[in-house]
1. Computing the accessible area with a 1.4 Å probe over protein heavy atoms, can you report the carbon and sulfur percentage for the stretch 100-183?
2. Please state the charge dipole magnitude for the stretch 1-102, taken about the Cα centre, from unit charges on C-beta atoms (+1 on K and R, -1 on D and E), reported in debye and rounded to the nearest 20.
3. As a check on your grasp of the helix formula, calculate [θ] at 222 nm for the chain: sum -39500 (n - 2.57) over DSSP H runs of n ≥ 4, divide by the residue count, round to the nearest 500.
4. Grab the Cα-Cα distance for Leu9 and His138, subtract it from 0.36 nm times how many residues apart they are, and report the gain in nm with one decimal.
5. Taking the Cα atoms of the stretch 59-122, report the difference between the largest and smallest coordinate on each principal axis, in whole Å and largest first.
6. Which is the longest stretch in the chain that no exposed loop site breaks, taking sites as chymotrypsin sites (Phe, Trp or Tyr not before Pro) with a DSSP loop state and at most 11 other Cβ atoms within 10 Å?
7. Count charges around Glu55 for me, please; just the other residues with Cβ under 13 Å from its Cβ, Lys/Arg as +1, Asp/Glu as -1.
8. Under Stokes-Einstein, with the Kirkwood radius over Cα pairs standing in for Rh, what whole-number D in µm²/s applies to the stretch 1-147 at 20 °C and 1.002 mPa s?
Amino acid sequence: EPLETRYRLIGLLPLASFVVQAIHYWRFGGMAHLLWMCNAGNVLLGVGLLVSHRELIRAAAIWTIPGLVVWIIYVLLPSGFYFSTTLAHVGGFVVGLIALRRVGMDRLAWIYALAWYLLTQFAARLLTPAELNVNVSHRVQDGWGNAFTSYWKFWLVVTIVTAAVLWVIGKALSLIWPAGVTEPQEAVSGSEIQA
């Protein structure tokens, strides 16, 4: 069944945060940063909500959790508060949770989330400069050079760990909001009151 209009229109919020990020990166000459998982994930979440596509919503919502953690560790704590990036990460996280409350989480969502990761990483490898290493698509992440002699060994380990993390997040979310269980109706209709 399609989502109600009010849920679908919430999809405009992550799309708006992507536009705000795009303006920020355009002004400061870093458009390649739009392909980071969190920024691209806002597009996936927004489109998923607007077209009422549960798999897209679930895949994007799963990614808001590790995205928020990585953003706090690697951006917020070292660099401080920036409106556009805070809107993208915190806003995407909040919208993702609101959407999951309605659509629930199923057992296969983590696979869609992994496929989205691989697609976005491949796009970053093709379209972004190697020095940015967007979505670790070009080289071993700084600080891991001693542990990995080859990018492809690093990539394989990171992909396996990523799959495991996505599975755990999907499993946890399915316990909170299982698919097939929707929100209770918020209001009782007039005819039910009279009955």
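The values are calculated or read from the model by the stated rules, or taken from the named source; none is laboratory data. What you are looking at is a predicted structure, and each value in this text was computed from that prediction instead of being measured. Methodologically, a virtual Cβ is constructed for each residue, glycine included, from the backbone with ideal geometry; neighbour enumeration extends over all protein chains shown. For the accessible areas, the whole protein counts, side chains as well, though only heavy atoms, and no ligand, DNA or RNA atoms are used. Shrake-Rupley method; radii C 1.70, N 1.55, O 1.52, S 1.80 Å.
1. The nonpolar share, carbon plus sulfur, comes to 69 percent.
2. Its charge dipole is roughly 100 debye.
3. Theoretical 222 nm ellipticity from helices: -19500 deg cm²/dmol.
4. So the extension gain works out to 42.8 nm.
5. 36, 30, 16
6. Result for the longest clean stretch: 82-195.
7. +2
8. 137 µm²/s
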